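Please see the structure below; I have some questions.
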Amino acid sequence: MTTPRQRPSTATRPPRGPAAKPRPRGTAYVNRWVMPLLTALLMFGTIGVAQVSGTWVTSGRTAAGAGGGAGDGTGGGADKSVAAGTLTSADLKGWMTLGQAADGLGMSLADLITLVAAPAGSGVDGSTAFKDLEKLVPGFSLTDFRPKVDAALRR
């Protein structure tokens, strides 16, 4: 007759898994997901606070003096004005309107439109953005336009 299989005593059996060490007095158990969640909250919370406060900039619009955004993450817009004389020709960007550029460069809008050399009836006015001029004015390039502005400013 066979004897039932006996379990080995705990003295001879190796421990399974890591041995549980008692925690030092005054410490608490922290779930393993707490630190990753706090890290994500800190990262995305910082972005959210920056957007709400209006300091979140995702474009170069504020670098040229067009003002900060309204907390919507856009970094500025066409409704912003530029302080007179704060721009150079290197600061002209495709998103800027002719009116903003004229204000920032300290020159009249009529002079700037003359430099653009837009054909009559093309619809170019102070609210036209430089990026739209490339479609409205044949052969217009902002890169080629900057030296013309420099020459006009030196006069």
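The values are calculated or read from the model by the stated rules, or taken from the named source; none is laboratory data. Owing to the predicted nature of the structure, the values given are computational and were not obtained by experimental measurement. Note that each Cβ is placed from the backbone with ideal geometry, even for glycine, and that neighbours are counted across all protein chains shown.
Of everything in the range 134-150, what is surrounded by 11 or more Cβ atoms within 10 Å (Cβ to Cβ), free of Cβ contacts under 8 Å to residues at least 24 places away in the same chain and part of a helix (DSSP H, G or I)? Give them in sequence order.
134, 136
Would you confirm, using the coordinates I've provided, whether residue 131 is modelled with pLDDT of 85 or more, of a type in the set (D, E, K, R) and closer than 30 Å to residue 54 by Cβ?
yes
Quick check on residue 78: is it modelled with pLDDT under 75 and within 29 Å of residue 145 (Cβ to Cβ)?
Against the criterion (modelled with pLDDT under 75 and within 29 Å of residue 145 (Cβ to Cβ)), residue 78 qualifies.
May I pose another question? Taking the range 105-133, which residues are among the polar types (S, T, N, Q), part of a loop (DSSP other than H, G, I, E, B) and surrounded by fewer than 17 Cβ atoms within 10 Å (Cβ to Cβ)?
108, 122, 127, listed by residue number.
Among the numbered criteria (1) surrounded by fewer than 16 Cβ atoms within 10 Å (Cβ to Cβ); (2) among the charged types (D, E, K, R); (3) at pLDDT 85 or above, which one does residue 72 miss?
(3)
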